[in-house]
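Report on the structure given below.
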Amino acid sequence: MIIEPKVRGFICMTAHPDGCAANVDEQIATMRQRGGFAGPKRALVVGASTGYGLASRIAATFGAQADTVGVFFERPGSAKRTASAGWYNSAAFERRAAEAGRGAWSVNGDGFSTEVKEETIALIREHLGSIDLLVYSLAAPRRTDPVTGETYSSVLKPVGAPFSGPTINPRSGSMSEVAVDAASDEEIAGTVAVMGGDDWRLWTETLAAAGVLADGLVNVAYSYVGPSYTQDIYRNGTIGKAKEHLEATAKQLDGTAGGRAYVAVNKAVVTQASAAIPVLPLYIMLLFKVMKEQGTHEGCAEQMHRLFAERLYADGGAIVDEEGRPRVDDLEMADQVQQEVAKRWESVDEASVRQIADFDGYGAEFLRLFGFGLDGVDYAKEAEPDLAIPSLSEAAS
Ligand code: NAD
């Protein structure tokens, strides 16, 4: 099949297996080039197939030589339809891990469910015995509570008052004002139920009860803060309420298995999750332009290398802020970056966005998430869409 991008709204319906593999290879190369570090040896990553979770799995495996179990919810391909990008990423990751002599096993299914947690525990028992690192990097629009059976939806809305701000169509470059009504109490509670700490706590408690957490466990989930002008929609909005809940959950989970629980604050990057947040794509375009000009730009791989090597597993113990959070958004939040982005935020319009913001870079980065536009990939060549993830095909046979 010749595979081309088919973008619909915030998502690309197709993905390229060779391009996704090239993407994984680039992240592995970044990790190797930045250097190994003393870190985890047996890791579980929940949300391991794209974005920060994939980069965490790559950091653990190729930075610290860990064996890993990864959990994700991805669509396999068929003769007629491509798989989702995370499926191809995971297939490529497992192949590279095996070549490097590292163990990698995966579970594809709803990580919110009890069944997937149990399947994961069985894999950990069989292959790792216990884990010394748990990364929780799941981003999802919906969650069904495994106990009550109730399904919650996450929304991206302001809290308390309506919000309006500039938005951009990342493909056409047309800009408009987006207006979003304030969330209802039910919408706030739903977003907290999906993206807050409930499921992270359930994972941690279930793993602890099964006796598969090693002493001194490092347990980490991810958050975002960002600048003042995205606060109303992000940090003070429904997703911010969920992040507050996640951070409060870290305090409850701290000490589990005699270890530490953290919520790390990462930089804004282009992922499937961030593309759907109003206002954020325009901010990211401005941010990337300024950080590239100043030579401080980072993607998921650089971020996760720094988080692991220089924060969580720093010599002499983890480095955290006054609220106990490891911060790798420091370069994004640096004054010289934020002052310049704020200045451009005030003036950006359709005429200037291609010069003062990284409009083209954002579009290219978005397509790369799905394996399009990578160097060395022959997109005119027939590609095989029905590709197996090695550990999943072994499990099925
Ligand atoms: P992403 O969309 O790239 O990845 C989401 C992962 O969750 C994928 O592996 C997907 O398969 C998995 N997943 C989704 N639903 C699932 C389910 N029901 N069961 C099992 N797995 C499921 O997202 P991301 O942007 O990497 O976000 C990960 C975390 O990082 C989130 O907490 C997010 O808030 C945080 N974060 C993101 C940014 C950013 O700019 N993207 C910045 C800071 C923090």
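The values are calculated or read from the model by the stated rules, or taken from the named source; none is laboratory data. What you see is a predicted model, and the numbers here were worked out from it, not measured in a lab. Ideal geometry is used to build each Cβ from the backbone, glycine not excepted, and the neighbour counts take in all protein chains shown.
Looking across region 122-150, the residues that are of a type in the set (Val, Ile, Thr) and closer than 23 Å to THR191 by Cα come down to VAL135, THR144, VAL147, THR148. Of the helices (runs of 4 or more DSSP H) lying entirely inside region 287-397, those carrying at least 2 residues that are under 30 Å from ARG95 (Cβ atoms) are 300-306, 359-368, 390-396. Just to be sure before I move on: is GLY39 of a type in the set (Gly, Ala, Ser), at negative phi and surrounded by fewer than 21 Cβ atoms within 10 Å (Cβ to Cβ) in the structure I sent? Criteria met by GLY39.
The residue that is nearest to the ligand (Cβ to nearest atom), among those in region 234-261 that are buried (at least 24 other Cβ atoms within 10 Å of the Cβ) and outside any helix (DSSP H, G or I), is TYR234. Being assigned to a helix (DSSP H, G or I) and closer than 28 Å to GLY237 by Cβ is a property that does not hold for GLY165. A count restricted to region 140-150 and to residues that are within 12 Å of the ligand (Cβ to nearest atom) and hydroxyl-bearing (Ser, Thr, Tyr) stands at 1. Only residues that are more than 7 Å from the ligand (Cβ to nearest atom) and either in a helix (DSSP H, G or I) or not aliphatic (A, V, I, L, M) (or both) were counted in region 262-276, giving 2.
When SER130, SER184, SER153 are checked against the criterion of being out of contact with any Phe, Trp or Tyr (no Cβ under 9 Å at 6 or more places or on another chain), within 15 Å of the ligand (Cβ to nearest atom) and modelled with pLDDT of 95 or more, a single residue qualifies: SER153.
Where residues in region 187-230 are assigned to a loop (DSSP other than H, G, I, E, B) and within 20 Å of the chain's Cα centre (by Cα), which of them is nearest to the ligand (Cβ to nearest atom)? Before you say what the answer is, go through the steps one by one.
Just the residues of region 187-230 that are assigned to a loop (DSSP other than H, G, I, E, B), to begin with: 196-197, 210-212, 224-227.
If we keep only those that are within 20 Å of the chain's Cα centre (by Cα) as well, we get 196-197, 224-227.
Details: GLY196: 10, GLY197: 11, TYR224: 3, VAL225: 8, GLY226: 8, PRO227: 13 Å.
It comes out as TYR224.
If I ask for residues that are within 14 Å of the ligand (Cβ to nearest atom), more than 16 Å from THR271 (Cα to Cα) and of a type in the set (Gly, Ala, Ser), which ones from region 3-62 would you list? ALA59 - this is the single residue of region 3-62 that is within 14 Å of the ligand (Cβ to nearest atom), more than 16 Å from THR271 (Cα to Cα) and of a type in the set (Gly, Ala, Ser). Suppose the filter is hydroxyl-bearing (Ser, Thr, Tyr), touching a residue at least 24 places away in the same chain (Cβ under 8 Å) and in contact with an Asp or Glu (Cβ under 7 Å, 6 or more places away or on another chain); does SER137 pass it? No: the conditions fail for SER137. Restricted to region 61-79, and to residues there that are of a type in the set (S, T, N, Q) and more than 19 Å from the chain's Cα centre (by Cα), the residue that is surrounded by the fewest Cβ atoms within 10 Å (Cβ to Cβ) is SER78.
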